Every structure is written in C-alpha cells, then in structure tokens.
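The values are calculated or read from the model by the stated rules, or taken from the named source; none is laboratory data. If you're wondering where the values come from, they're calculated on a predicted model, not measured in any experiment. Virtual Cβ from ideal backbone geometry, glycine too; neighbours counted across all protein chains shown.
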Amino acid sequence: MMIFNRFPAAAIMLLVSVVALNFSMPATAYGQSAQAPPSDPTNAGKAVFSRANCVGCHKWHGNGGGGYGGDALSLRKTELTRDQIIEAVGFGRACTGMPFFMRGAYDEVKCHGMNRQDAGAQMPPEGGTFLRPKDIEAVADYVIAHIKGAGEPTYAECVAFFASASRVCDVYKTQEQKPEDAVANTGKNQ
Amino acid sequence: MERFSGHSRIFARARLLAVAVAAGGMMAALPVSAADQVNQERLLNVDKEPGNWLHHHQNYSAHRFSSLKEVNRDNVKNLKVAWTMHLGGIEGGGIWSHGGLEGTPIAENGFLYVTDGWGWVYKIDAHGGRGMLVWKMDPKTDRDWAGAVACCGVDNRGVALWGDLVISHTLDGRLIATNKETGQVAWQRTVADPDKGEVITGAPLIVKNMAITGVAGAEYGIRGWIAATDLTTQKEVWRTHTIPGKGEPGSDTWKDSNNAATAGGGSTWVTGTYDPATDTIIWGTGNPGPDWDNAYRPGDNLYTDSSLALDATTGKIKWHYQHTPNDPYDYDSVAENVLVDIPGPSGPRKLALEADRNGFAYAIDRTTGKFVWGLPFVKKVTWTKGLDAETGKPIEYDPNKPVQTYIASVTPSRTNLETDICPGNMGGKNWPPTAYNPDLKLWYIPVIESCNRIKVEVMTPEKLKPREFWTGGGPSQPFKITGSVTAIDVTTGKIAGKMETPFPNLGGILATPDLVFTGQPSGEVTALDAKSLQKLWEFNTGGGVNAPPMTFTVDGKQYVAILVGLGGASDKWFIDSTPELKKIQPGSMLYVFAL
C-alpha cells in the first residue's frame, strides 16, 4: 500500500494555473507557450504527470516498483487501455495506494457505483491535488504515448522527460552513448 | 551566495567581543582575529564557551547538553518568541513534493549557521534581540538527481565550523567549504555519488583538520562508507567501507551466492562522535539491503546495524558491536553513539550509548566494544523476547543459522510474506538525537512508538538496478504511531521516566541543567522538567517540528532555537499512521525563544 504526499498550496496553485493555461484557452492548447515549444502533443500530459506527483510513486519512467512506499504499478508493463487509465486516475484503485484525482469522486460522482459510504474501508486515498477531466485525459495520452509498452527506461527518454541540466539521466547512458547522440535519438518520442 | 550589507557595525562589535575573550586568556596565544576561527582546541573544549554551540551534537560526545541556566524550571513558563526567520528549501525534487527542516543550528559569537532541506546555508546575525540574514549560500543542488534517490526526504541536518570556513554537505553528494565572513564558496569536493544511489543528509563531524562524512542509500543498493576529507589539502584521507570487501575480516558474514555484499547497505547518515582520549570515531551503521528479504543475504551481514569504532587517523576499524544480525526488519543502528563516563567498581566506565531502531537502548564499553547493558525503551516489542544478558544479542539469535528468524511468527521472511511487526521500521528511535544530562546522569530518548505491516518481495540479482529501490518489500501503516520522551538512568540502565506524546518524536532533544526541550510534528515546542518530565512550557509553532532544539547566548542573554518544517520520511511514507498530521503545512522557519 502506498502513501501519497501532500502538496504545498503553492504547487497546487501553480498546477491550477498551468492547467488553466493549457486547457481553458484553445488558442494555446497543449501548453503552447514560450517555455514549452509545442513539439509533442502530449507535453501537457507530461506536465500533469509531474505536477500531480505521479512521479512520486511511479517515478519519471513509470516503472513504479517496490520500496518504502509500497509497490506502484509499472505503467510500462501495464495492459490498461486509455479508458482504464482514465478511470484509475479519476477514481483511484480500491484497496491500493493509488489515489483518486477527480474532484467530487465518491461524492457527486459515484465511482464503480459507490460513494464514500459505500466504499468504506476500500476507499482509495485522495490525491494531493484534483485534476480536471481534460488533465486526466492528457496524462492518460501521455502514458499511452511514452510509457506503456516502452521496455526499460533509456537515456533518451530520460533526457526528453527532464529536459534540464540535471544529472538524473546519466545513469541510463550506455557505454558508447554520448549526450548529443541521445538528444537526436529520442526513441519513442518521435 | 548572496551578501547582505549594513552589518559593519555589528561585525566590529563581534570583533571587540572576540578581543575581550582573547584578552581573558582563553586564546591569548592566538592572533586577535583567531577568536572567530574554529580549531581543534576549541572543539575539544566547548565547555569553556557555553554560550556557543559549535558541534552538531553540541560536543564530541553528543551530549546535546548546555550548562546555560538563565532559562530554568522556575522561569521557563515566561519563555516567548524573540524572533523568527523564514527560510527556503521546501521545493520538491525527484520523488519528493517538498523538503523539510531537520537541522541543528550552529551558534558562534552571536551568529547562527543553519541549513534548509536542500542544503542552502544561512548565516544569521542574532545580536540585538533579532535575527538579520548576513548571507546565504546556494549550493545549487541537482534536485532531480538527488531527490530521486533520497529514500527518506529532502533533508540536511546542518553545518560544522572549521578555521574561517563553514563546512556543509549537499544531498547530491558534495562537501562544501564556505567562507564564514563572505558566504563565498571557498572550495567543494564530491564525496558521494547519486548515480550509485548515494546521497548525504547528515552534518559533517570535524576531527583534527578532517571533515568526516557519512552516506545514505541502503534502500538503493549502496555499499556504505565513512570518509575523511583533509580540510587543508581538500583530499581524501581515508574511506572505510561498512561492508567488508572480499577476503577482509567480516566478509564471511555474507554467505550468499548473490554477491549481496556489493550492494549490502550499511549506510552512515547520522553524524557520529569522537573520543579524543583514544583518538576513536564512533559511528552507527544502517540496515543491510535488501531491507526485508534477509534470505537473499544469509549470514550476520557485518557491519550493518552496528556501532563502529574507527581509528580517527587511519579509519581502521577498532571494534564493532552489531545489534540486529541478519536484520529482516530495517532496524538501522545509524543513531549517534553518546559517549558517557560513569563511576564503576574498578574506576570509571567508559560507555557508548545507542538507542536503536529495534526498540532497545544499549550501553557498550567503548574501550572493548563489549555489551554492558540493554533494555527496551518502547512499550511494545514483538520481534524478540529480549536481549541475552551476557552478549546483548536478541535471545533467539543463533550464530549457526544463516538466516535469522527471531520470533518467526511475526518476522518478515520468504515464508511469512505479510506480517505486522513492532517496532515498525521507523523505530524505536530514528535519527532525531538523544540528549544526556551529565549532572543527573539521565539520558533522554526521543521515542517513536510504532508498529507497521511489512510485505516481503523475494529479490533476485536481476532486480538490482542503479538508482532503483532495493528493499525486498515495503511497509504500510495500518497502526497509529505515537511517541514519548523516555529517560534512562545511565548508572542503573533502567528507565527513570516516560512522558508520552500523541505523535512520534521526530525532532530530538536538548538537555539543560534542569530542563528538557523537545517538539512534536503537530507543531508544539515543549520544555519538560529534567527529573519528572512534567511539562512546564509549550508553544505551538503552527508548523511541524522535525528538528532538534539547541541553545546559545548573545551578549550574555540565553536563547533557545529550533527549525520548524515537516518533511522527511514520516511525512511521506508513514503519514497514514498519523492522519491528523496530513493537515500540517510544509514550511521552513527558524524560531528563537527567550525570556
């Protein structure tokens, strides 16, 4: 069973503003801002993956795994469909640590036919932030496009995820691989 | 580094004070400006400058005891906030959504040196009854790199002083020397490697011109070590691995065919102690990896879960005492060893005290490494019936058994894949430091009263990957965790008092002649009577206390300081055991109290 962290209010505010930027203005759909060039239609979902702290348990690469926090499902090995991922993110997973991220889930919106009272002890934890339906679709699209079925994480994927000066990706370098090759070869991201 | 101007007058006054101190004879042989320079002589004689707090653990023996008594049991009820300062460092990184504050401020001649969770160093001028930021040093920690392999939070427990330098660590593995006056980085050196799952959260220990560094990462398949860096040449003097290499003494306690020792854990992330009489560093070591699948690594797994005595000059291991052989519980012995001398039948007994994650407090003869006494300091222990009176080993320990099962019905194993265990893997007692009152001979333990549920994952060598968890299972938290401050009479080895608290003690303890200061993750800072442990004063900081209190003077007036900002392991992995704490906001604030 996993435990999910809370978010500083500032992070939630930031998330709301990012989400608002990405989804409420059609002209700038998918985060077409100066900061994030619109190279990939799933960039918005990637932002949700970070900001909603999916990375806190599933990690940046989605492989999850056992550890202090329990055993987060591998999204690389998952057989869930887009719709099933949307359902899991929105409603959480009963009897596991996977939180629900849909505002009003188990209250206004019955999940699997259950409200809070019906779910009782099976009630999954509440996510650190709530996501709008479009955020949930975006993060599902991102998981389908970049994570599901992707095999073991690669340097190229890592660089594509972080796109920063962090050394977080160095461990994925193969012996002959140099950083400049990896940027050109973004693998599944194409 | 950011420099703040407008302090020349205050600096001048500090120097005048320094001159006065030097003229008083304490350091008459040194140049005038050297009063602000920290050297081995001062570090050995901190009792001569009680208004300062020069060591992470207050003195080389980790007493965390101050002889200051302007604030005492008669007037502590009048203690009030003197000033506060907002710090930074709550940003997320890696798998962490926010950092926390676990540091102990260092105080010297009216200036404080504190760190936040990401290792920023702040120099604060505490003269005149208020705090003014003099400078801050941004170590530019690689947050995603380090935060992804920090098992237990974005934490930094503080700095040390040496010469005109402030010595600090960063989560991403560096030792940094910062000029004390200017806040400029003088030099830095990479000591640990996050690519191998190594990070640093502890404060450095300064011994004879060396900075001693410990490492975290036993949940990520590291092979632990303690390293000494020469602060003049900036070169490594020695590095002693806590897991022996092939053929070295102790390597026969790794009997597997998995090559488990190479990723065997034994981290060293809590600052140790130093006994100048024998030139010995005493340092605790953490759990073996994988944490909960001990059948992967048959044998006692030396030197995990041990107190290690090292020759300070060479790093050579002099003795070891292992608390939980072939540990299947994640019962680190990484805690500080408190050095205490008590009268004995044939002269003074030189003890090393350690309060373990496994729920037992130990006194070891620090000359020989032999067990003297041990007792449970938590209310509930289910994994063993107790300690052998001779050896101090758990009664069920069988040196002929490759895989220990202790009380098998509750012990995580390949045949007991899900089980409830007490203490849980938080402890017992975790990193928050104990304190020792040498007048009363009372040792105060910040206690975590916990049980939790362990699910075992059977590990294979293919599952060992760089920068990925290597735990062999994981805990969940169906049981409420509470805490206490428990006092042990060191002359008898018996519990002398217990003050129970609604939440685990995640901050640690400060002792003064007749008081004990501590805090709660629900926000309260409290002062207790040193003998009765009765609560005499309390202030709610409105944040979560996750750091130890300390005390110092400025211009003769006593202050009590504590960092407030809930982070660390408990706030993420164990929060379901204390659901009331979910509402505590992450924060980053220094509180300073005075009469």
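The test for being out of contact with any strand residue (DSSP E or B) (no Cβ under 8 Å at 6 or more places or on another chain), within 14 Å of another protein chain (Cβ to nearest Cβ) and among the small types (Gly, Ala, Ser) does not hold for B:Gly153. Of B:Trp238, B:Trp225, all but one fail to be surrounded by fewer than 24 Cβ atoms within 10 Å (Cβ to Cβ), among the aromatic types (Phe, Trp, Tyr) and farther than 24 Å from B:Leu353 by Cα; the exception is B:Trp238.
When residues in segment B:532-564 are screened for being outside any strand (DSSP E or B) and out of contact with any helix residue (DSSP H, G or I) (no Cβ under 9 Å at 6 or more places or on another chain), 10 of them pass.
Report, by residue number, each residue of segment B:156-173 that is among the charged types (D, E, K, R) and either within 14 Å of another protein chain (Cβ to nearest Cβ) or surrounded by fewer than 24 Cβ atoms within 10 Å (Cβ to Cβ) (or both). Walk me through it before giving the result.
Applying the first criterion (among the charged types (D, E, K, R)) to segment B:156-173 yields B:157, B:164, B:172.
Within segment B:156-173, B:Asp164, B:Asp172 qualify.
Scan segment B:429-440 and tell me whether some residue there is under 30 Å from B:Ala146 (Cβ atoms), surrounded by fewer than 24 Cβ atoms within 10 Å (Cβ to Cβ), within 14 Å of chain A (Cβ to nearest Cβ) and not aliphatic (A, V, I, L, M). No; the residues of segment B:429-440 include none that is under 30 Å from B:Ala146 (Cβ atoms), surrounded by fewer than 24 Cβ atoms within 10 Å (Cβ to Cβ), within 14 Å of chain A (Cβ to nearest Cβ) and not aliphatic (A, V, I, L, M).
For segment B:186-197, the set of residues classified as within 14 Å of chain A (Cβ to nearest Cβ) and either surrounded by fewer than 24 Cβ atoms within 10 Å (Cβ to Cβ) or part of a strand (DSSP E or B) (or both) consists of B:Thr190, B:Asp193, B:Asp195, B:Lys196, listed by residue number. With the structure loaded, tell me whether B:Gly587 is within 14 Å of chain A (Cβ to nearest Cβ), crowded, with 20+ Cβ neighbours inside 10 Å and farther than 30 Å from A:Ala121 by Cα or whether it fails that test. It is true that B:Gly587 is within 14 Å of chain A (Cβ to nearest Cβ), crowded, with 20+ Cβ neighbours inside 10 Å and farther than 30 Å from A:Ala121 by Cα. Residues in segment B:454-492 that are assigned to a strand (DSSP E or B) and more than 8 Å from every other protein chain (Cβ to nearest Cβ): B:Ile454, B:Val456, B:Thr482, B:Gly483, B:Ser484, B:Val485, B:Thr486, B:Ala487, B:Ile488, B:Asp489.
When we screen B:Glu500, B:Glu457, B:Glu462, B:Glu468 for residues that are out of contact with any strand residue (DSSP E or B) (no Cβ under 7 Å at 6 or more places or on another chain), in the same structural domain as B:Tyr559 (by TED's automatic domain parsing) and more than 14 Å from B:Ala361 (Cβ to Cβ), the only hit is B:Glu462.
If you check B:Gly158, B:Gly153, B:Gly183, which single one turns out to be within 30 Å of B:Lys463 (Cβ to Cβ), assigned to a loop (DSSP other than H, G, I, E, B) and in contact (Cβ under 8 Å) with a residue 12 or more places away in the chain? Even if it seems obvious, please write down each step before you answer.
Details: B:Gly158 fails: within 30 Å of B:Lys463 (Cβ to Cβ); B:Gly183 fails: within 30 Å of B:Lys463 (Cβ to Cβ).
B:Gly153 is the lone residue from the list that is within 30 Å of B:Lys463 (Cβ to Cβ), assigned to a loop (DSSP other than H, G, I, E, B) and in contact (Cβ under 8 Å) with a residue 12 or more places away in the chain.
Condition test on B:Ala561, is it farther than 19 Å from B:Gly483 by Cβ and either more than 14 Å from chain A (Cβ to nearest Cβ) or in contact with a Lys or Arg (Cβ under 8 Å, 6 or more places away or on another chain) (or both)? Yes. Out of B:Thr229, B:Thr240, B:Thr233, report the one residue that is polar (S, T, N, Q) and either outside the structural domain of B:Thr314 (by TED's automatic domain parsing) or part of a loop (DSSP other than H, G, I, E, B) (or both). The unique qualifying residue is B:Thr233.
In segment B:500-531, what residues are within 13 Å of B:Pro433 (Cβ to Cβ) and aromatic (Phe, Trp, Tyr)? Selection gives B:Phe517 alone.
Can you find even one residue in segment B:279-302 that is within 15 Å of B:His323 (Cβ to Cβ), without any contact (Cβ under 8 Å) to a residue 60 or more places away in the chain, of a type in the set (A, V, I, L, M, F, W, C) and surrounded by 20 or more Cβ atoms within 10 Å (Cβ to Cβ)? Looking for residues that are within 15 Å of B:His323 (Cβ to Cβ), without any contact (Cβ under 8 Å) to a residue 60 or more places away in the chain, of a type in the set (A, V, I, L, M, F, W, C) and surrounded by 20 or more Cβ atoms within 10 Å (Cβ to Cβ), one finds at least one in segment B:279-302, hence yes. Residues that are in contact with an Asp or Glu (Cβ under 9 Å, 6 or more places away or on another chain) and modelled with pLDDT under 95 are absent from segment B:350-365.
Going by what's in this entry, would B:Lys583 be described as farther than 23 Å from B:Trp431 by Cβ and either modelled with pLDDT of 95 or more or outside the structural domain of B:Tyr122 (by TED's automatic domain parsing) (or both)? Steps first, answer last, please.
Details: farther than 23 Å from B:Trp431 by Cβ: yes; either modelled with pLDDT of 95 or more or outside the structural domain of B:Tyr122 (by TED's automatic domain parsing) (or both): no.
Answer is no for this residue.
Here B:Glu91 passes the criteria (1) more than 21 Å from B:Gly565 (Cβ to Cβ); (2) modelled with pLDDT under 95 except the one numbered (1).
Every residue, every condition in (1) crowded, with 22+ Cβ neighbours inside 10 Å; (2) under 11 Å from the mean Cα position of the chain (by Cα), yes or no:
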{"position": "A:His58", "(1), (2)": "yes, yes"}
{"position": "A:His61", "(1), (2)": "yes, yes"}
{"position": "A:Gly64", "(1), (2)": "yes, no"}
{"position": "A:Ser74", "(1), (2)": "no, no"}
{"position": "A:Lys77", "(1), (2)": "no, no"}
{"position": "A:Arg82", "(1), (2)": "no, no"}
{"position": "A:Arg93", "(1), (2)": "no, no"}
{"position": "A:Gly97", "(1), (2)": "no, no"}
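All conditions in (1) modelled with pLDDT under 95; (2) touching a Gly at 6+ places or on another chain (Cβ under 9 Å) hold for B:Ser251, with the sole exception of (1). Scanning segment B:122-155 for residues that are aliphatic (A, V, I, L, M), surrounded by 22 or more Cβ atoms within 10 Å (Cβ to Cβ) and under 20 Å from B:Tyr559 (Cβ atoms) returns B:Ile124, B:Ala126, B:Val134.
Among the residues of segment B:518-536, is any within 14 Å of another protein chain (Cβ to nearest Cβ), in contact (Cβ under 8 Å) with a residue 60 or more places away in the chain and under 24 Å from B:Ile575 (Cα atoms)? Checked segment B:518-536: at least one residue is within 14 Å of another protein chain (Cβ to nearest Cβ), in contact (Cβ under 8 Å) with a residue 60 or more places away in the chain and under 24 Å from B:Ile575 (Cα atoms). Just one of the numbered conditions (1) closer than 30 Å to B:Gly424 by Cβ; (2) at pLDDT 90 or above; (3) touching a helix residue (DSSP H, G or I) at 6+ places or on another chain (Cβ under 8 Å) is not true of A:Asn63: (3). Answer with yes or no whether B:Lys318 is farther than 30 Å from B:Arg453 by Cβ and either surrounded by 17 or more Cβ atoms within 10 Å (Cβ to Cβ) or in contact with a helix residue (DSSP H, G or I) (Cβ under 6 Å, 6 or more places away or on another chain) (or both). When the stated conditions are applied, B:Lys318 passes them. Only one of the numbered conditions (1) surrounded by 18 or more Cβ atoms within 10 Å (Cβ to Cβ); (2) within 21 Å of B:Ile454 (Cα to Cα) is not met by B:Gly392, and that is (2). Are any of the residues in segment B:548-558 among the polar types (S, T, N, Q), under 17 Å from B:Leu54 (Cα atoms) and surrounded by fewer than 23 Cβ atoms within 10 Å (Cβ to Cβ)? Taking every residue of segment B:548-558 in turn, at least one turns out to be among the polar types (S, T, N, Q), under 17 Å from B:Leu54 (Cα atoms) and surrounded by fewer than 23 Cβ atoms within 10 Å (Cβ to Cβ). The residues of segment B:567-581 include none that are of a type in the set (A, V, I, L, M) and touching a strand residue (DSSP E or B) at 6+ places or on another chain (Cβ under 8 Å).
Quick one: which strands (runs of 3 or more DSSP E) sit completely within segment B:265-316 and have at least 1 residues that are closer than 17 Å to B:Gly427 by Cβ?
Values: elements: B:273-275, B:280-284, B:306-311.
The strands (runs of 3 or more DSSP E) meeting that bar are B:280-284, B:306-311.
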